[in-house]
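Here is the structure we will look at.
What follows draws every value from the coordinates through simple rules; no lab data is involved. Values in this document were obtained by computation on a predicted structure and should not be read as measured data. Note: ideal-geometry Cβ built from the backbone for every residue, glycine included; neighbour counts use all protein chains shown.
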Amino acid sequence: MLGRIVKSEKGQTAVEYVMMVAVAVSLGIAVFKKLDEYLIKNPNGLVGKPLNSYRQAMDQNGKYKRFPIRMAR
């Protein structure tokens, strides 16, 4: 009878560890999704502002726009 108790306690501990890992992974995924929405996909976010200025300097083909240089007379 003592052997069965020890086995069930070990099994319960293993299940608890698996559940803790599952909760930690799901929380991590949720946090990274929120950070992605806030920092990257947001046009005014940390990554969005430089990307917008980069897009303004490029033409439709992905090449830099050409700006004429005016020399002072």
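Work out the length of the dipole vector of the chain about its Cα centre, built from +1 on the beta-carbon of each Lys and Arg and -1 on the beta-carbon of each Asp and Glu, and round it to the nearest 20 debye.
680
Between the entries [x] 1.15; [y] 1.57; [z] 0.92, the label attached to Rg/Rh (Cα atoms, Kirkwood Rh) calculated for this structure is [y]. Which one, G28, G45, G11, has the greatest fluctuation when you compute a Gaussian network model over the chain with C-alpha springs under 10 angstrom? Most flexible of the set in this elastic network: G11.
Between V31, V18, V47, the residue with the greatest mean-square fluctuation in the GNM of the chain (Cα pairs under 10 Å linked by springs) is V18.
Considering only V23, N61, V47, and ranking their Cα positions along the charge dipole of the chain that arises from unit charges at the beta-carbon of Lys, Arg, Asp and Glu, the one farthest toward the positive end is N61.
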